[in-house]
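Input: a single structure, listed below in structure tokens.
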Amino acid sequence: GSVVASYPYDDSPTHRPTGVYSKSADDEVFKYLAKAYASHHPIMRTGKPNCPGEEGETFQDGITNGAQWYDVEGGMQDYNYVWANCFEITLELSCCKYPPTSELQQEWENNRESLLTFIEKV
């Protein structure tokens with residue numbers, strides 16, 4: 001996990017594991033939506049999720065192009081965009097995939113404004 005808003009494409013023509021910006025035809029729209037979410041999240045907007053084992057990982061404005069971060073061949077985000085004309089972003093909301101119950105209220109507080117802003121943009 002991490003704390004970042006990721007947008008298409010997750011896959012790249014070269015399939016290099018990381019570092020390839022894979023721009024979609026709607027790149028500016030995706031960046032706009034990802035920034036709308038990230039800019040209202042107290043951790044995501046810093047671009048420094050500080051996840052254990054990945055303390056040096058950073059994301060400009062709290063967003064990333066999927067393939068720039070890491071290549072995912074055959075991912076649902078790209079499939080929906082290409083074959084169903086669905087514009088979706090992937091939201092990594094926590095360093096921990098399954099946060100303990102005791103942390104869920106804080107996760108809600110961290111994401112509430114982001115979710116409302118995202119819904120308004122959509």
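The values are calculated or read from the model by the stated rules, or taken from the named source; none is laboratory data. This is a predicted model, so every value here is computed, not measured. In this analysis, Cβ positions are derived from the backbone assuming ideal geometry, glycine residues included, and neighbour counts consider all displayed protein chains. Please note that ligands, DNA and RNA were not included when accessible areas were found on the heavy atoms of the full protein model with its side chains. Shrake-Rupley method; radii C 1.70, N 1.55, O 1.52, S 1.80 Å.
In region 61-70, how many are over 7 Å from residue 10 (Cβ atoms) and either among the hydrophobic types (A, V, I, L, M, F, W, C) or assigned to a helix (DSSP H, G or I) (or both)?
Total satisfying the criteria: 5.
Table: residues versus (1) modelled with pLDDT of 95 or more; (2) over 12 Å from residue 5 (Cβ atoms).
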position: 23; (1), (2): yes, yes
position: 35; (1), (2): yes, no
position: 44; (1), (2): yes, no
position: 64; (1), (2): yes, no
position: 73; (1), (2): no, yes
position: 83; (1), (2): yes, yes
position: 117; (1), (2): yes, no
position: 120; (1), (2): yes, yes
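Output the residue which, of all residues in region 92-116 that are among the small types (Gly, Ala, Ser) and within 17 Å of the chain's Cα centre (by Cα), is most open to solvent (accessible area, probe 1.4 Å).
My answer is 94.
Residue pairs whose Cβ atoms lie under 7 Å apart, sitting 6 or more positions apart in sequence or on different chains, and linking a residue in region 83-98 that is closer than 15 Å to residue 57 by Cβ to a partner that is exposed (fewer than 10 other Cβ atoms within 10 Å of the Cβ), are 95/52. Do you know which of the residues in region 46-62 that are open to solvent by less than 70 Å² (accessible area, probe 1.4 Å) and at positive phi is modelled with the lowest pLDDT? Per the stated criteria, the residue is 53. Here the condition is being assigned to a loop (DSSP other than H, G, I, E, B) and out of contact with any helix residue (DSSP H, G or I) (no Cβ under 7 Å at 6 or more places or on another chain); of 113, 73, it holds for 73 alone. Residue 36 meets each of the listed conditions (1) within 15 Å of the chain's Cα centre (by Cα); (2) in contact (Cβ under 8 Å) with a residue 60 or more places away in the chain; (3) surrounded by fewer than 18 Cβ atoms within 10 Å (Cβ to Cβ); (4) part of a helix (DSSP H, G or I) apart from (3).
Residue-wise test of (1) closer than 24 Å to residue 122 by Cβ; (2) open to solvent by less than 10 Å² (accessible area, probe 1.4 Å); (3) of a type in the set (Asp, Glu).
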| site | (1), (2), (3) |
| --- | --- |
| 18 | no, no, no |
| 24 | yes, yes, no |
| 29 | yes, no, no |
| 41 | yes, yes, no |
| 70 | no, no, no |
| 73 | no, no, yes |
| 84 | yes, no, no |
| 87 | yes, no, no |
| 90 | yes, no, no |
